[in-house]
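In what follows, a single structure is set out as structure tokens and then discussed.
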Amino acid sequence: MAYPTRLETMDCDTPEDAIALLGHRNISGGVQRVPVVFTPMRGCCGCSVVIPEGFVALVNKHGRYVGIYQSGFEWFPPWYSISHLLPTQYIVYDTPVKECPTQDNVMVTIDVTLILRIQTEEEKSCYNFCYRLGPRGLDEMLRAFQEESIRGMARKRKYNEIYDLMDSAQDKQMDAQRRELNDHFSQYGVEIADISVTNVHLPKEFADTMQEATVWQSRNEFKTLQQEYDLKVIDVREIEAKDKQKLKEDLEKFVADKDRDVAECTKRKKLVDAETGKQLAEIREQEKADVLEIRSNAELGVAKTNSTRDIRLSKIRSSGQAEADKIKIETETYLLSKKAHAESLIATNNAQSLQLQASAEQFAAKQLVAKRKYEAKMRSLQSLRSLAANDSVAITGNSKDNIMAQLLANQQGGAVLGINAAGNF
């Protein structure tokens, strides 16, 4: 069942939700509600928006129109909002025009279908449609223009001719109406792509009358066509029998002719085979003679080539050996001369090295006299320091007094026994 179309504006949460809402069939109140414009809500925290493919968005800044956004990802500050979201696809608009009087005052209902779209390629068209016309205005104007045009077309025909409106012959008249609608709606950015009459509803009594007349007319046409068919079947059968007889005679004649041609070809083939065998025998004999001649010439050439090769090889070997001996002697001579020269250079360099080393040692001996005196004094001081730090050492004079020797012996003995000798004396 076809429902009248109602063009509307529909709210949605986000622009992405418009895709599902656009394809959803919404029928309520006996009409099919088709969304043409969507108004998405604006979130308070988002800084971007995604316009889905197949839509364009009219954008406001602080409530004032600033332009349109095509499909894709866009940066969207909080003070921006989408006022209208328009689909770019075609929209089917169905509207039945009821109670249309014909020329003989029969009331009929005519279903008309329009295919339209919003011209989203131009910014001005989008702006005019959304802010000057809107879906409701477009719906009312389309219905009014359509009813006026269809009623005028129905008034020019009788009820038995009203079905001609669905004939393709009326396309020119529908095109004229489509151009008229486009001339009016182009200022609002609306394009009518096609218009056609999809169905015509007559009152039941008139429809039954037309159906009965059509049935009788169809039966008469069927009987006439049946008779013509039977006559044509008889004619075709007679023609088919004649054609079969003629084809049979032609086939027999063709087979006889081909048999004669085959016999002639077989005869010619035997003659050709005999002549070919003779020629092949002559060719084989000539081939054998040619092979023997070529083989003898080849063996002679090989012998000559081998002798020439041996002579050249012996010459090359003798000259090569002499050249090799010469190169060997020159190489040994060169190596001996280079070795003697290198030994001469080594002796010269060693002499220069010894001379430089002696000069360096002589110079260093003069420069290190003070350092060596300092080091001798330091070693003497270190020896005295060691003697001073050694408690077992005793120093005496030159008097050779035995009392000192006794004191020293007593001190060492006390140290061994663990007695403080200094406290006992």
Practice task
Distance check, please: which entries in K98/K156; K158/K204; K232/K253; K172/K204 exceed 22 angstrom between their Cα atoms?
Solution key: K232/K253; K172/K204
Practice task
Compare the peptides 310-320, 87-97 by average per-residue count of other Cβ atoms within 10 angstrom and give them in order, highest first.
Solution key: 87-97, 310-320
Exercise for the section: For the stretch 8-110, state the average projected area of the convex hull of the C-alpha atoms over all orientations, rounded to one decimal in nm². Expected result: 8.9
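Provide the gained length on full extension for the span Q89 to E148, in nm with one decimal, where the gain is 0.36 nm per separating residue minus the Cα-Cα distance.
Details: separation 59, 0.36 × 59 = 21.24 nm, distance 2.71 nm.
Full extension of this stretch gives 18.5 nm more.
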Practice task
Report, ordered by chain and residue number, the lysines lying within cross-link reach of K267, taken as a straight Cα distance under 21 Å and ignoring same-chain residues fewer than 8 apart.
Solution key: K258, K278
Practice task
Find how many whole Å separate the alpha carbon centroid of the stretch 233-276 from the alpha carbon centroid of the stretch 76-135.
Solution key: 75
Fill in the blank from the handout: Along the stretch 83-90, Karplus-curve 3J(HN,Hα) (6.51, -1.76, 1.60; θ = phi - 60°) to the nearest Hz, with x for Gly and Pro, reads 7, 9, 10, 9, x, 8, 7, 7
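Are there trypsin sites (Lys or Arg not before Pro) in the stretch 1-66 that DSSP marks as loop and that have at most 11 other Cβ atoms within 10 Å, and which are they?
Numbers: sites: R6, R25, R33, R42, K61, R64; in loops: R25, R42.
Sparse-neighbourhood loop trypsin sites (Lys or Arg not before Pro): R25.
If the chain between S307 and T9 were fully stretched, how many nm would it gain, using 0.36 nm times the residue separation less the Cα-Cα distance? Before the final figure, lay out each step's value.
Working: separation 298, 0.36 × 298 = 107.28 nm, distance 11.09 nm.
Length gained between S307 and T9: 96.2 nm.
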Problem - Per-pair calculated FRET efficiency, R0 = 41 Å: E264 and V291 via Cβ, rounded to 0.05 - result: 0.50
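Leaving ligands and nucleic acids out of the surface, order H24, H201, H84, H62 by accessible area at 1.4 Å, largest first.
Working: H24 115, H201 80, H84 30, H62 140 Å².
Ranked from most to least accessible, the order is H62, H24, H201, H84.
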Completion exercise
A correct Karplus calculation of ³J(HN,Hα) over the stretch 71-78, with 6.51 cos²θ - 1.76 cosθ + 1.60, θ = phi - 60°, whole Hz and x for Gly and Pro, returns 5, x, 8, 9, 6, 9, x, x
Problem - Dipole magnitude of the stretch 264-313, debye to nearest 20 (Cβ charges: Lys/Arg +1, Asp/Glu -1, about Cα centre) - result: 120
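How would Y69, Y374 rank on accessible area, largest to smallest, probe 1.4 Å? Each step should come with its number before you reach the end.
Details: Y69 55, Y374 140 Å².
Descending accessible area places them as Y374, Y69.
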Problem - Sequence-distant residues sharing a close amide H with Q32 (under 5 Å, placed H) - result: T5, R6
Problem - Net length gained if the chain between E205 and V369 were fully extended (0.36 nm per residue, minus Cα distance) - result: 43.9 nm
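The values are calculated or read from the model by the stated rules, or taken from the named source; none is laboratory data. Keep in mind that this is a model prediction, so the values were computed, not measured. In this analysis, Cβ positions are derived from the backbone assuming ideal geometry, glycine residues included, and neighbour counts consider all displayed protein chains. Areas reflect the complete protein model, heavy atoms only, side chains present, ligands, DNA and RNA absent. Shrake-Rupley method; radii C 1.70, N 1.55, O 1.52, S 1.80 Å.
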